[in-house]
1. Please report B:SER105, A:SER73 as a ranked list, fewest other C-beta atoms within 10 angstrom at the top and most at the bottom.
2. For labels at C:ASP115 and C:ASP493 in the simple 7 Å Cα→Cβ model, what's the distance in nm?
3. Between A:LEU2 and C:THR305, what FRET efficiency comes out of the Förster formula 1/(1 + (r/R0)^6) with R0 = 56 Å and r the beta carbon distance, rounded to 0.05?
4. How much of the pair distance distribution for region B:21-67 lies past 17 Å, counting alpha-carbon pairs only, in percent?
5. I need B:GLU230, C:GLU350, C:GLU441 ordered by Cβ neighbour count within 10 Å, fewest first.
6. If the reach is capped at under 30 angstrom between alpha carbons, list the lysines near A:LYS11, excluding any in the same chain fewer than eight residues apart.
7. Relative contact order, percent, of chain A when contacts are C-alpha pairs under 8 Å separated by at least 6 residues?
8. Let me know the volume per residue of the alpha-carbon convex hull for region B:103-297, in Å³.
Amino acid sequence: MLIYVLRALVKMAVTLLVIVTLVFFATRLSGNPVDFVLGDGISREDRELLIAYYGLDATIGSQYWRYLVSVFSGEFGLSFLERRPVSQIVFERAWPSLKLLLSAISFTLIVSVPLGILAAIYRTSIIGSVVMVIAFLGYAVPAFIIGILLVLIFGYTLNWLPVIGDGSALHFIMPTLAISGMLVAAITRFTRNAMLDVLSQDYMRTARAKGLPEWVVILKHGLRNASITLLSVIGLQIAGLAASGSVVVEAIFAWPGIGDLLVRSAILRDYPVLQFAVLSVAIVVIVINAAVDIAYAYADPRIRLAKG
Amino acid sequence: MTDLTQTSSSPGSAPFHIPVWSDANWIVRIALLVGLVLIFVALAAPLIAPFDPNAQSLISRLRPPVGFERYKDGFLFGTDELGRDILSRCIYGLRLTFALALAGSVIGLLIGGTLGLLAGIAGGVVEDFVMAMVDTQIAIPFTLIALLILAVMGSSLDVMVLVLGVYGWEQYARIVRAEVKKLTQMPFVEAAQAAGATPLRIAFHHILPNVVSPIVVQFTLNFSNIVILESTLSFLGLGVQPPTATLGSMVGIGRDYLPTAPWIVLAPAAVILLLTFAVQILGDWLRDKADVRLRSR
Amino acid sequence: MTKLLATTALASLIATGAFASELTVGAANVSSYLDPGRDHSNVGSQFYYNSFDTLIAKNHDTTDTEWRPGLATEWKLIEPTVMELKLREGVKFHNGEDMTADDVVFSLNRMYQADFPPYQVRARDRLENFEKAEKIDDHTVRITARRPEPLWETLLNLQQVMIVPLDYTKGLAGDPDKIEHDDYEAFSLKPVGTGPYKVAEFVPGERVVWERFDDFWGEKAPLDKVTVKHMPETASRITSLKTGEADIVTNIAPDQLGLIENDPDMKAAGSATALFHVMIMNVNHPKLKDARIRQAMSLAIDRDTLNEALWGGKAVVPSTHTLKEFGELYQPELTTFEYNPEKARELLQEAGYDGFEISYYTAPSYYTNGLLAAQAIMEMWAEVGINGKVTVQDKWNGGSPDMMARNWSNPMYFADPFGSFGVMWAPNGPSESEGRFNTDEDYAKAWEQFRFSGDVELRRAAYAELMERIKQDPPVLPLYRPYESWAMKNNIDWAPKPGHIPYVLDFRAGSIAVN
């Protein structure tokens, strides 16, 4: 087990280093921040002046080396634009994003697990079909369309819900709905499929034969066993969402989150912010994945053996 | 329910059957019809589109669809912010979106499938390397990768195909690798190995046919994800260059008009819905038919 | 009718009811830093006037030039190149410090003798004629110019020379007794000025919170607190007025105006902003070297139709690069730019244009209607046979030799042709140094006369000459003065004042009322 953990840690470190390196070189290939924010309408000499001031005139190799050294000493640099430490900027944005993510996950689980079970039990009847159709809708409409329609209906027309920022519990309703469309679709589907697999297993028949009520059988035996598969899927989906799924929804609801930050810093080539934000997101994703792996291995000894 | 291990126990025979009309329930039939109609429209776009999708008319901007006040004759779905015919743009947009999503999915499949197959068969360092790439890919937000590719290479249709092609390769790689690993331990593969079949022969004759069904399912997922992704990129101003119409760019660029001229967005959004809906239902149905549990790892 | 739920109802009550003087502004863009010295962006211009003062102030109610005492109460030329200013007494900075000659000298010299690159860059194009500022006594300073300056007041009314505190800035980073670059960097996150509102909170890119500054030297601010929030999405921004989350929102596109005007709860205010959306052309691009091709590109564009279609006729299409804010140098009688497709076709034929592709760059959303105008221009070009193609990218490529044409904005940084056309198309100015514009001796001579002559008629004549040069060998076409709109709730009385530079959110006394 210790070797397994160590191996995982080393792998993690290598992955992170690769990511840092990739992002570093890709961003520098893609242009210079001076050309995106600071430099329209200044003379060529002044452009050089700014490039030198921001330390972008050194060779790319030495810039990379300098960056690695500073990363290992825990210094991630200042934003080109905001001139404050990037860690401060990213952490300021991380909490709102996390809150929205948690809200979306809770909503998704509450909605899609029962729906998935329903769809599995009534697989052949109209109920199953209707559930799946509803679930597919989440896949079929871009999140920003759901978002803007919600804004127009519940904000603009009805004036029921606030649309800007994360000020109160009410502020969470629309962004959560908009962001959850895809998640609900995915989790419903996977719950249904996992339940289908489980429902036909021998132990389910045994449980029924014992005379337990059907809902007990399904919840206790069925769901518990299906939850292993579900767990891994949810982990993956969350990782994906944490990474980028919320960019668009954050823009619509003026949510001060990390997705918006990622895109803005990429568009404006604010390298230090971009690098640190990507690194933070990557760490979160990797940790979630590792946690899922471990939970999975814990729940199912066969996997642990196979991974050896 | 049949188990995969049983259906695939005879070497060389594919467990994947093309299902037929009579197997399908009403939803699937509708999806099938919708899909066929969309394919027809996409293929026949130049023949059926009433106008040139890029022809502007600045004096008749933002005209509503038929049946509303200020409707302009002939422009059934209304006109957009430059006076272009929405219907024609939807038709051409569907054609291009379809092509992009198809190309993107196929490229993703080719990249991911090859790497997954390689990892699964070769094992060892190769497998570690491929899986490290997969892990890296998962950990970087895809929107960001798209952004950087588009920034470095400039935004053109070719680059867009590349970006959409890169999308989702890691999912294919994971699935294919997992299936391959499982299959290589199956009796029929071991038998073939014992009989002296080359790894290449094993890959193509014994393994590939057996991973088709999970791939089909992933393909349908990937296809609709790409349609949505393309619209998201347009939302962020990174989509296909105007004036070229794709369903995603019409929705992404037109969204500011949702309060004032909703038809600009609703028409292409409805087509997106039909497209992804049909693909999803069909994919799910194929999954049920093939009855393979979609493994995520 | 069910209206707002509890929290928003409360918020709107607070904003409009008993505590009438709190306000929320929904802005499409919020600055990443707040330092009037280094900034000249359209986004930044929104914020400085409420918190900072200049030595010489201006009546913003009119486009005419009426100077008013600002932080200086009187000023006079004591030599052709030296101006002496008496400073207002009893002026306090937001942090409680008194404003003295030291602060003024510091504020001016940080630009006049800049060694901090972002200041150097900003000072170069407009403040190069200023040599230094000196303290005479605690409330007297002298400013020395290199050569006689016709635009003294104008250039002391600039955003870039707003007055900031010396001691406070010194103490922000590093050695508290020295001015270092890091002090300037830190200042841009915690700006302090002398204006009627202090910046109580600033989250870069997200939020600016102003609070009334009770020790302000002039008429006190009418509002207790103003929060400017970043609301990037148009639909959400407009909706925030309906839900009571904002009282004023910025950047309403002309196509959305109908929505605001038809709503009984809201109204819009706007003006043809003092800047031009322009198309710039690279005179040194190998394929565009022939001036006739660029003339054709310009003549083919029907700007009046663009105005009618995209701006509802509310934008202003100029005949030359001139704005009525230029006062005595406003010259609408010149005809530098026109629409003439026949002539465009002729010129193309004469120049032997063979149908090569001309790319036209635009940012996706930075300029209102920018992308729409770009696409419409391609159609107009096609009409005369020009094969144009729009490329959308955020990158500024004005300095790239491959750039053929792109859109841009040419703001009025101050009310003089020098503050608009002049900043960008000076000899050795940004356009020339970026390699897309050339000047020669004659141009430089005309320029000299336009920039430094003390005689208004000579300046006018010289500017007309420059415009003729631009007409013959065009590097730029001003498309129009865009009509920018703000939307607000009915109980707010606010409108952009004509005497400001573009986009200023002026909430000083007399500029806003909440009923």
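1. Working: B:SER105 26, A:SER73 8.
Starting with the residue having the fewest Cβ neighbours, the order is A:SER73, B:SER105.
2. 5.2
3. Numbers: r = 75 Å, r/R0 = 1.34.
Approximately 0.15, to the nearest 0.05.
4. Working: 643 of 1081 pairs.
Looking at region B:21-67, the distances longer than 17 Å represent 59 percent of pairs.
5. Values: B:GLU230 31, C:GLU350 12, C:GLU441 8.
Ordered by Cβ neighbours within 10 Å, fewest first: C:GLU441, C:GLU350, B:GLU230.
6. Once the sequence-local lysines are set aside, what remains near A:LYS11 is A:LYS99, A:LYS307, B:LYS181, B:LYS182.
7. 25
8. On the way: hull volume 24.3 nm³, N = 195.
Normalising the Cα hull of region B:103-297 by residue number yields 124 Å³.
Values in this text are rule-based calculations from the coordinates and carry no lab data. Since the model is a prediction, treat every value here as computed from it, not as a measurement. Here the Cβ is made from the backbone with ideal geometry for all residues, glycine too, and neighbour counts use every protein chain on show.
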